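Presented below is the structure to which this report refers.
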Amino acid sequence: MALIKARSRGINLADTFAFSGTVSGVGGITESDTWRITTAFQGNTIPITANWERDDTYLNSNMGTGMTQASGVFSFPSTGVYQIDFRLQFSSGGTDNDYILGKIELTQNNSSYAIIAQQYASIKNNASYQGMSATAVKRITDVSNQKIYFGTSSQDNNHYVQGNSSASYSYAIFTKLGDI
Amino acid sequence: MRPTHIEDFLVNVRKGQWFGWSDSKNKIYANLIVHDGGSKPTEKQCTDGLKALQDAWDSANG
């Protein structure tokens, strides 16, 4: 006979449980999807429409249905609370740039977009590198109309964004934190 | 960092995401694609352009 460890006053968290069935109703991360920019480019680009690929190398940990991407517009696979992490690696483009930025924009009507997160950096014209990271956590309730794109700009419109198809230099991570 | 690939030249040809690769894991000239409908540099322009960048870098960094 199996030992029953549930007690009338609750569960002793010091006990060890070996589940052989399905545990439901406890939530957990069900979606994680990393997309990266494969190819470098220069200058202000809003939105970043081209050269996206899903991380497909070195034990990538994409899980769930995954995002859908078309011309740089990302659609969510299901409703829920999502964390969106966006990171860019910059290099200098011939002048000092007091600001270079990356940003995340969201539409709620599949048409007009608003900035929901952005980060500034600055860079000197000495072949130097810089990075930026922006994060947003949003409640997605309508996957048909609530979508994301990304952009970048700089003071002199001459910064470079680094891209790579083996490692992730400039990329976005979508994580579904839970249902709504 | 010293330029090592024709992508280092292409990124300077014009701004924006005007180019990409039909196979991003194999970035050779034959796989170069143009997104914006503009002109595509010749392979010689790419190799000459890369060499010019390398020469400039070497000159600056001794």
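The values are calculated or read from the model by the stated rules, or taken from the named source; none is laboratory data. Because the structure is a prediction, the values reported are computed rather than measured. Methodologically, a virtual Cβ is constructed for each residue, glycine included, from the backbone with ideal geometry; neighbour enumeration extends over all protein chains shown. With ligands, DNA and RNA removed, areas are computed over all heavy atoms of the protein, side chains included. Shrake-Rupley method; radii C 1.70, N 1.55, O 1.52, S 1.80 Å.
Could you say which residue among A:Asn125, A:Asn97 is under 27 Å from B:Ala56 (Cβ atoms) and open to solvent by less than 50 Å² (accessible area, probe 1.4 Å)? Can you show your working first?
On the way: A:Asn125 fails: open to solvent by less than 50 Å² (accessible area, probe 1.4 Å).
After ruling out the rest, the residue left standing is A:Asn97.
Please specify each residue of segment B:15-50 satisfying the condition of being surrounded by 13 or more Cβ atoms within 10 Å (Cβ to Cβ), in a loop (DSSP other than H, G, I, E, B) and more than 13 Å from chain A (Cβ to nearest Cβ).
Matches in segment B:15-50: B:Lys40, B:Pro41.
So A:Ser78 fits all but one of (1) open to solvent by 30 Å² or more (accessible area, probe 1.4 Å); (2) touching a Gly at 6+ places or on another chain (Cβ under 6 Å); (3) modelled with pLDDT of 95 or more; (4) not aromatic (Phe, Trp, Tyr); what number is the exception?
Just one mismatch for A:Ser78, condition (2).
Mind listing whichever residues of segment A:109-118 are closer than 18 Å to A:Lys176 by Cα and open to solvent by 40 Å² or more (accessible area, probe 1.4 Å)?
Within segment A:109-118, just A:Ile116 meets the criteria.
Is it true that some residue in segment A:92-102 is part of a strand (DSSP E or B), under 15 Å from the mean Cα position of the chain (by Cα) and of a type in the set (Ser, Thr, Tyr)? Don't jump to the end; show me each part of the working.
Just the residues of segment A:92-102 that are part of a strand (DSSP E or B), to begin with: A:97-102.
Filter once more, so that each one left must be under 15 Å from the mean Cα position of the chain (by Cα): A:102.
Checking which are of a type in the set (Ser, Thr, Tyr) leaves us with none.
Scanning segment A:92-102 turns up no residue that is part of a strand (DSSP E or B), under 15 Å from the mean Cα position of the chain (by Cα) and of a type in the set (Ser, Thr, Tyr).
Considering only residues that are under 14 Å from the mean Cα position of the chain (by Cα) and open to solvent by 30 Å² or more (accessible area, probe 1.4 Å), which ones fall in segment A:56-75?
Of everything in segment A:56-75, those that are under 14 Å from the mean Cα position of the chain (by Cα) and open to solvent by 30 Å² or more (accessible area, probe 1.4 Å) turn out to be A:Ser61, A:Asn62, A:Met63, A:Thr68, A:Gln69, A:Val73.
Which ones in segment A:28-46 are part of a strand (DSSP E or B) and within 10 Å of chain B (Cβ to nearest Cβ)?
A:Arg36, A:Ile37, A:Phe41, A:Gln42, A:Thr45
Out of the residues in segment A:137-156 meeting the condition of being in a loop (DSSP other than H, G, I, E, B) and modelled with pLDDT of 95 or more, tell me which one is surrounded by the most Cβ atoms within 10 Å (Cβ to Cβ).
Ranking the candidates gives A:Gln146 first.
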